[in-house]
Structure formats: C-alpha cells, structure tokens
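Right, one structure below, let's go through it.
All of the numbers you see were taken from the coordinates with simple rules; none came from a lab. The shown structure was predicted, so the numbers you read here are calculated from the model rather than taken from an experiment. Note that we place each Cβ from the backbone using ideal geometry, even for glycine, and neighbour counts take in every protein chain shown.
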C-alpha cells in the first residue's frame, strides 16, 4: 500500500463516512447550519436531498455528532447578528435509521428500539404507537427533544411516511414531541408529490439541496483530507491534477475520493511523490461513473487528430 511511501497514517480518501474527514465546503456548511437551526427551532420535518455520492450520510453523521455539542462548537455562516439569533442548544435524544425501506410496523419497531422503548415481541401497531408516545412524552417532561434521521428516505413506502406524519402530530403546547429529518436522493422530491402524503409535504418547513465541492474548494478539500491522514507535506496533487480531478468528477465527493485514491496508487507504482494530471486521467479510465465527464473531450481530441492527419495527407498529395 502507498501509506508508508507518502508518509500517511491512514488512507485519506476512504469511502467510509468518517466525520473526522468532514470538510466544511460551502454547501456542506450551509446544509449543516440549516439542520442545526431547524432542529433547535423545534420544526417537525426537515428535508435534505442530494445526488448519489454527494455525502448525505457523512452530513447526517456530522449533524448527529454536532447536535448536542452546543452552539459554540458549530460555525454558522453569516454575520454576528445572525448568529446571535440562533436559539440555545437544547438536549436531544436521537435515532438513526440507515435503511427506512420498512413497512409501518417494522418502522415503528425500529424507532422503538432506537429510543429504547421496551415492548413485547408480539406488540401490535396500536400498542407500538402508545409505547412510543409515552416515551416521547417522558423525554419532553425531562426537557429533552426527540429527533430521528432517516437515510435513503426516497426508498420509504408511502404508508410508512404517513405513519411518521402521524407521529409528528404528537405535541405539547410548546413544540412537537418528535422531529424528523429525511435524507434522500432527488427521487424523494418526486415521492413527496404523491397526493396521499400531501399533508406531510406541507409540514416540511426547512429543506436544502446538497451540492458537490466547488472548483475553488477542490484543492482545500484534498489538503484537508491529507492533513487528517497526517500527511507531513503541503500537497500531493499538482495544480493540473486538481483541475482535472474537478472536471472529471464535477465535484462529487464520492467520485473525488475514488479517483484520488486510485491516482495515489498510480503515483506510488511509478515511485513518484506527487500525483500528476496523467494519474488522474488513468484513474478515471478505470472508473466507469467518471467516464461520461471526460469521454467527450477525448472524442474531440481524437477527432482533431484525425482531421490533422487528413490535412497532412492532403498536403502531401498536393
């Protein structure tokens, strides 16, 4: 492996959603701010959407890790006056459901398990709702707020989404007993257009569409991950490599990590101490999802080469 060659403690571009590698690019920071402000305001439903590979799971884990750290530990974008309007951080108990492709009863069982509600194995849906309601009321009496994050929410059955809405109907005079954060691909927006869950759609008070890493943030993104991995130098990527990496990936974090990891292997195999543009190109060839971003340019260059060859041949004939 290339770790010793480059002086790294761990792989800097692993696909595991490790919050220590969280990079607060503009889109991530705005999404995190939205989540924290919405949660502390006690809103019922919050929605975060993003294309495949844009880092929704990492953002979700960072949000859950930050939620109970207090306002001072989170950097909010904006003026000091805007930051002063953020309410003090309440105490949260949280649940995380990574695979919400569950029918209503299974979803309620998963929530009960996450919130440590003791129930009999054969409890029916009515008793499940009663048990969860008691647990949520107890949280409110203790000055706590209950919040659940559902990843891959675009896969949720409509009936399960409706059960979530019914749970968020529970409230005290001051606030909802349960807050729900939906993380999903853009297909989630299409799913929420269904007529049968229009009431849920109306209750989404905060939402954000997650974008990738911008071109001017790419170098800082790479440096950040290398620094976390204990790289002793300035950077491993040449300027040309950074630009090509952004063009090929369009700033999608998962593709960035895949191609950056492969390019490090290629540089290591050549005994080089820096990743060059050619390493990014060769790594992209081995990454099918990235091909559509750079293949048109290859075709253009190939076409230009053919035209040049024909021109040379014509001149020779003349």
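Across the Cα atoms of region 26-210, what radius of gyration and what greatest pairwise Cα-Cα distance (Dmax) are found, in Å?
Taking only Cα atoms of region 26-210, I get Rg and Dmax of 16.0, 54 Å.
Quick one: what Rg and Dmax do you get for region 171-290 from the alpha carbons, in Å?
20.6, 67
Percent relative contact order of region 26-210, based on C-alpha pairs within less than 8 angstrom and at least six residues apart?
36 percent
Only counting other Cβ atoms within 10 Å, I'd like 118, 238, 160 sorted with the fewest neighbours first.
118, 238, 160
Relative contact order for region 228-282 using alpha-carbon pairs under 8 Å, separation at least 6, rounded to a whole percent?
Normalised by residue count, the contact order of region 228-282 is 46 percent.
So how long is each side of region 93-141 along the principal axes, counting just the alpha-carbon atoms, biggest first, in Å?
Projected onto the principal axes, the Cα atoms of region 93-141 cover 32, 23, 13 Å.
What is the fewest-to-most order of 228, 148 by other Cβ atoms lying within 10 Å of their Cβ?
Arranged by neighbour count, lowest to highest, 228, 148 become 228, 148.
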